[in-house]
Every structure is written in structure tokens, then in C-alpha cells.
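So the structure is just underneath, and the comments pick up after that.
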Amino acid sequence: MTSSRDAGGFWETTGAAKTFTHPLDPALLEEFVPLGARVLDYGCGYGRLTAELAGLGYRSVCGVDFSAALVERGRRAHPGVELLHCPGFPLPFEDAAFDAALLFAVLTCVTGDADQERIVGELGRLVRPGGVLYLSDVPLQSDPLNRERYERFAGRHGTYGVFETPDGGVFRHHPPQRLRGLVGAAGFVVVQERQDIVGTLDGRTVGRLQLIARREPSAGA
């Protein structure tokens, strides 16, 4: 779970003890990413999905995260899984080093536009042309609780959809076109979308949007 700079302390303390619930759809992944692919799990947190990928038979998987506390937790829980603490960019990989990247419930923890753009742009550098980005995140919700807190915190954070939780977390829900736009700006083309309901860190449920996007060749390639 990657943090934006202004909320980094949360993911080194309170957030580092959370149990993450945002699920992988193995069938959707396997439709687009073969088992032999090199896969980057960006914002891996404590390696929950990184370890799940390895358990599914993916043989070349690496997880990276902003939070030292989460990565250390993951190394204790999953000693055979490659997890790296990477607090900044560029990440320590060559261009086009991966066949696929996962970005799961990461942008919801990154409230700033520029921070989000840097993350997705870096994945555009690291995923080879023809490779896949599998993004899963939380769009704007229409229920009364979420609409009330979007409105309550919009003035403080300057963005509708950003809200705070009582334990000190700061999160963001997005217009779906925002997520599609980030992917497109990084050189990916969405080839499939899915929506369903998933659990949250606080035991509630939200609708989520999953995007499978393919990396376009660079101009002139």
C-alpha cells in the first residue's frame, strides 16, 4: 500500500498494522498475464498479493512499497517472496523490465494528483510495450456516508473524493474517468473493465473498478 508524501507517517504506524482486503481476480489476471511473466506488484504493502501471485504459480514476482514498516512486516510473513522498500522514484529497475504490473488499492491511498501521475508514469516506464497494467481501485461512491465525507473534506484537501478516517488515514475515491485518464497518459490502452463490490480496511464495502490496460509501443518504436 503506497502512501502519498503527506500521509506517509500513517503507513509507518497505524496503517502498517491494517489487514488489507482488496482482492485479486485470478481468472482476470490469468486471461492477460501468463505464469511465466515478470510481474511487479507496486504498492505491495506487506506482500499479501505478491505472495498470492507466487502461490498461483507466477515464478518471477517482485513487490515494492513506500512503507518500510509494511515491507518489514511482509518479509516476516512471507520470507520466500521478494519485497523491496522503495521510498522514491525512479524504481531500481531498467526500462521495460516487467511484462505486467499490479496497482491494487494504491491510488486510493495517494491523494495528490502529481503523486498519482508519477506512480502510473513510472509503471509506464517499467512495463514493456505489449505488457499489461492491472489496476484495481475505488471510484466515487454514491452512498450517503461517502457523499457526506467527500463534501466535508473537500475544502481542506481541495479535491472532491478525498476524506480522512478517525484513525488518521487520508484516502481518495476517484471519478472513473480520472483512473482511465491516468492510465492513458502513461501510455496504456484499456482493454477490459470490470466492477464489483469489495471490503474496506474499516469493515465496510465499496464498489471497485478494475482496469486491464496494455502498454502501447513508444512513438517511433
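The values are calculated or read from the model by the stated rules, or taken from the named source; none is laboratory data. Given the structure is predicted, the values throughout are model-derived calculations rather than measurements. FYI the Cβ positions are ideal-geometry reconstructions off the backbone, even for glycines, and counts take in every protein chain you see. Surface accessibility is based on the protein's heavy atoms, side chains included, excluding ligands, DNA and RNA. Shrake-Rupley method; radii C 1.70, N 1.55, O 1.52, S 1.80 Å.
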Given (1) more than 20 Å from G184 (Cα to Cα); (2) small (G, A, S); (3) touching a residue at least 24 places away in the same chain (Cβ under 8 Å), number of the condition G88 does not satisfy: (3)
Across the range 124-161, what is the number of residues that are without any contact (Cβ under 8 Å) to a residue 40 or more places away in the chain and touching a helix residue (DSSP H, G or I) at 6+ places or on another chain (Cβ under 7 Å)? 2
Inside the range 109-221, counting only strands (runs of 3 or more DSSP E) that do not spill past its ends, which hold 3 or more residues that are farther than 19 Å from Y42 by Cα? 162-164, 188-199, 205-215
R180 versus (1) more than 15 Å from L107 (Cα to Cα); (2) under 16 Å from the mean Cα position of the chain (by Cα): which is the lone unmet condition? (1)
If you check G161 against the conditions, is it open to solvent by 70 Å² or more (accessible area, probe 1.4 Å), at positive phi and either at pLDDT 95 or above or not polar (S, T, N, Q) (or both)? no
Verdict on Q210 being open to solvent by 30 Å² or more (accessible area, probe 1.4 Å), touching a residue at least 40 places away in the same chain (Cβ under 8 Å) and closer than 21 Å to D25 by Cα: no
Determine, yes or no, whether V190 is more than 29 Å from G15 (Cα to Cα) and touching a Leu at 6+ places or on another chain (Cβ under 7 Å). yes
Would you point out the residue of the range 54-71, among those that are touching a residue at least 12 places away in the same chain (Cβ under 8 Å) and more than 17 Å from V106 (Cα to Cα), that is most open to solvent (accessible area, probe 1.4 Å)? R59
